[in-house]
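Data block below; observations after.
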Amino acid sequence: MEGHLNLTLKIWRQKNANVAGKFETYQVSGISTDMSFLEMIDVLNNRLIEEGDDPVAFDHDCREGICGMCSMYINGRPHGPNRGVTTCQLHMRSFQDGETITVEPWRASAFPVIKDLVVNRSAFDRIIAAGGFVSVNTGNAQDANNLPIPKEDADEAFAAAACIGCGACVAACKNASAMLFTSAKISQLALLPQGKVEAANRAQAMVAQMDEEGFGACSNTGACEAECPKGISIENIARMNREYFSATFSSK
Amino acid sequence: MAITGLFLISFLLVHCSLNALIFLNDGGVAFNEGAEFMGTNPVIRTMEIVLFAGLLLHIYDGLRLWFENKSKRPVAYAVVDGAANSKWYSRSMGLLGTLLLLFLILHLKHFWYFSRLTEGLEDHTLYAEMQAVFMNPVVVIVYVLGCISLGYHLLHGFSSAFQSIGWNHPKYMPTIKTIGAIFSIVIPAVFAAMPIAFYFHLIQ
Ligand code: HEM
Ligand code: SF4
Ligand code: FES
C-alpha cells in the first residue's frame, strides 16, 4: 500500500575537501513510501534547482545494488536501517511519517569528501592495483576442465567476489578499517588455482597499500560484516591474516 | 595484540586456579604453600618477568592502536547507531583495558609489592594480608568492578584473538566462542568471589 510521508532531512553540505562542512535542514512532503531513498533525494534536488539553490551532490549509478556508488550514512548506519541493501535499494517505507533523517557522507581520512555526500574512494582502486589481479598470458583461453576446482572453493571465492567496493565496511568500522574489502579482494583470488601462484605477494602488497592509504586496524567488532550489503564474511579477514602472516614469515 | 592477549589469558587460568585454593577454607594453608612455591621457584620467577613484559607489550600495543585508530576518522559522525551492528564491549576495548590497568596498579600494590618488595611476609602470610586488605568495602567494590571490566574485555578479546591470528573456521569458531564466553564469565566471577568471601567472613 502506497502512503505518503512528510520528513525533515538533516543533510551534510560541504563544498570540497578543504573547507569544513555543516548540516542543513530541509523539509520534504508527500514522499511516496514506494520511492527509493535516492528518489527521495531527487525530489528534494528538483526543488532546490527550481529555487535556484545548489542541489545535494551524491554518488549513484546503477540504482539496483550492484555498482556500490550510493554511499550515504543514514541515521547512524551505512545505507540506512536495513541489512543487506544499498541506499538505492532502501525504500521510504522503512521510515515513519514525521521522522527526522540525518544523512552524512562516509567519514574516514582515507575517503576525503569531494562534495556534500560524495567521497573519493580511489584508495580502494589503489589497493586493487597493488595486487588484486592474476598475471596470465593473453591468447586462447585453455579448456576450463584443465583446472578442476572444488565446488566449495568456487562458491567461497564467488561469495567473496560479490563485494561491490561500496565502502560501507569502512564507514561502519569505528577504526575506518578496510580489512573486509581488502580481504574479500584477496580471498576471491587466493581460493582459486589461478590466484594461488601470486598469493603471498598479493597479500603483502595489498595490505601494505591499505595501510599506506590511512585506513585503521581491525578490532574484530564485526560491524563491517553486519553492514555489508553483500554479506561478505569476516572469515575472509581471518584468511587474509593467515595469508599475510605466512607470506611475511616465508618472504625473502 | 592477539599473542600477548592469549598469553595473558593463560596466566589468568593459572592465577585463578591457584587463588581458588582459598575456598578450601583451611585457614590459607594450601594457598600459602602455593604462594610460597610461586614466589621461590626459579622457573616461575622467570615467567614472572616474561609476564610483565607481555603485559607491558599488550598495554603499549593496545593504547597505540586505540589512539591510531581514533585518528582515522578526524570528522566524527553526528549520529552513530553502534548497537545495530556490533557489541558495545567490542567497541570499548581501549576503555575496558584502561580500567583494567587502573585496577592492576592497585592490585599489584596490594599483593605483588607486599610479597616481593617488602619484608611483609616475615610478619604474616599472603593469606593474612588478603584477609586484611579485603576488610575495606571500597577495595572490595573496586575489585568487583575490575573483575567486571575483565569479563567484558575477555568476552570480546578471547574469540577476537583467534580471529586475529587467522583461526576462524566454520567448524571451530562456534566452539571457540562458547569456550570464550564461559571463560569470560567463570574466571572473573571466581576472582570477584574472593574479596566478597573475605569481606563477609564466608572463609576464615
Ligand atoms: C589480564 C589482563 C588482560 C587480558 C587477559 C587481556 C586480553 C586481551 C585479548 C585476548 C585481546 C584480544 C586481542 C585480539 O583481538 O587480537 C585484548 C585486546 C585489547 N586489550 Fe587486553 N587484556 C588484558 C589487559 C589489558 C590492559 C591492562 C589494557 C590496557 C590498556 C588492554 C588493552 C587492550 C586493547 C586496547 C585491546 C584491543 C585491541 C584492538 O583494537 O584489537 N588489555 N586483550
Ligand atoms: S566488503 Fe561489503 S561493505 Fe565492504 S566494500 Fe565490499 S561490498 Fe561494500
Ligand atoms: S547506485 Fe549502484 S549500488 Fe546503489
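The values are calculated or read from the model by the stated rules, or taken from the named source; none is laboratory data. Computed from a prediction, not measured in an experiment: that's the story for all the values here. Neighbour counts are summed over all protein chains in view; Cβ atoms, including those assigned to glycine, are modelled from backbone coordinates with ideal geometry. For accessibility, only protein heavy atoms count, side chains too; no ligands or nucleic acids. Shrake-Rupley method; radii C 1.70, N 1.55, O 1.52, S 1.80 Å.
Looking at segment A:115-150, which of its residues are more than 16 Å from ligand 3 (Cβ to nearest atom) and outside any loop (DSSP other than H, G, I, E, B)?
A:Lys115, A:Ser122, A:Ala123, A:Asp125, A:Arg126, A:Ile127, A:Ile128, A:Ala129, A:Ala144, A:Asn145, A:Asn146
Here are B:Ile176, B:Ile187: which of them is away from chain A (no Cβ under 14 Å) and assigned to a helix (DSSP H, G or I)? Lay out the reasoning, then the answer.
Working: B:Ile176 fails: away from chain A (no Cβ under 14 Å).
After ruling out the rest, the residue left standing is B:Ile187.
Condition first: of a type outside the set (Ser, Thr, Tyr) and within 12 Å of ligand 2 (Cβ to nearest atom). Now tell me which residues in segment A:218-234 satisfy that.
A:Ala223, A:Cys224, A:Glu225, A:Ala226, A:Glu227, A:Cys228, A:Pro229, A:Lys230, A:Gly231, A:Ile232, A:Ile234
Residues are listed down the side, and each one gets a yes or a no for (1) at pLDDT 95 or above; (2) within 18 Å of A:Glu227 (Cα to Cα); (3) not polar (S, T, N, Q):
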site	(1), (2), (3)
A:Gly76	yes, yes, yes
A:His79	yes, yes, yes
A:Gln89	yes, yes, no
A:Ala108	yes, yes, yes
A:Pro112	yes, no, yes
A:Ala141	no, no, yes
A:Phe181	yes, yes, yes
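Does segment A:79-106 hold any residues that are open to solvent by less than 20 Å² (accessible area, probe 1.4 Å), part of a loop (DSSP other than H, G, I, E, B) and within 13 Å of chain B (Cβ to nearest Cβ), and which are they?
Within segment A:79-106, A:His79, A:Gly80, A:Pro105, A:Trp106 meet the criteria.
Give the residues of segment A:73-87 that are under 20 Å from A:Pro112 (Cα atoms) and either among the aromatic types (Phe, Trp, Tyr) or within 13 Å of ligand 2 (Cβ to nearest atom) (or both), sorted by residue number.
Within segment A:73-87, the first condition is being under 20 Å from A:Pro112 (Cα atoms), and the residues that meet it are A:73-74, A:76-79, A:87.
Listed by number, the residues that qualify are A:Tyr73, A:Arg77, A:Pro78, A:His79, A:Thr87.
Grab the helices (runs of 4 or more DSSP H) fully contained in segment B:43-157, keeping just those with 1 or more residues being hydroxyl-bearing (Ser, Thr, Tyr) and either in contact with a strand residue (DSSP E or B) (Cβ under 6 Å, 6 or more places away or on another chain) or more than 16 Å from ligand 3 (Cβ to nearest atom) (or both).
Result: B:93-107, B:126-133.
May I ask you to say which residue of A:Ser36, A:Ser109, A:Ser71 is touching a His at 6+ places or on another chain (Cβ under 7 Å) and surrounded by 15 or more Cβ atoms within 10 Å (Cβ to Cβ)? Steps first, answer last, please.
Working: A:Ser109 fails: touching a His at 6+ places or on another chain (Cβ under 7 Å); A:Ser71 fails: touching a His at 6+ places or on another chain (Cβ under 7 Å).
A:Ser36 is the lone residue from the list that is touching a His at 6+ places or on another chain (Cβ under 7 Å) and surrounded by 15 or more Cβ atoms within 10 Å (Cβ to Cβ).
Residue by residue, here is whether (1) over 27 Å from B:Leu96 (Cβ atoms); (2) out of contact with any Gly (no Cβ under 7 Å at 6 or more places or on another chain) holds:
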site: A:Ala161; (1), (2): yes, yes
site: A:Ser177; (1), (2): no, no
site: A:Ala203; (1), (2): yes, yes
site: A:Gly214; (1), (2): no, yes
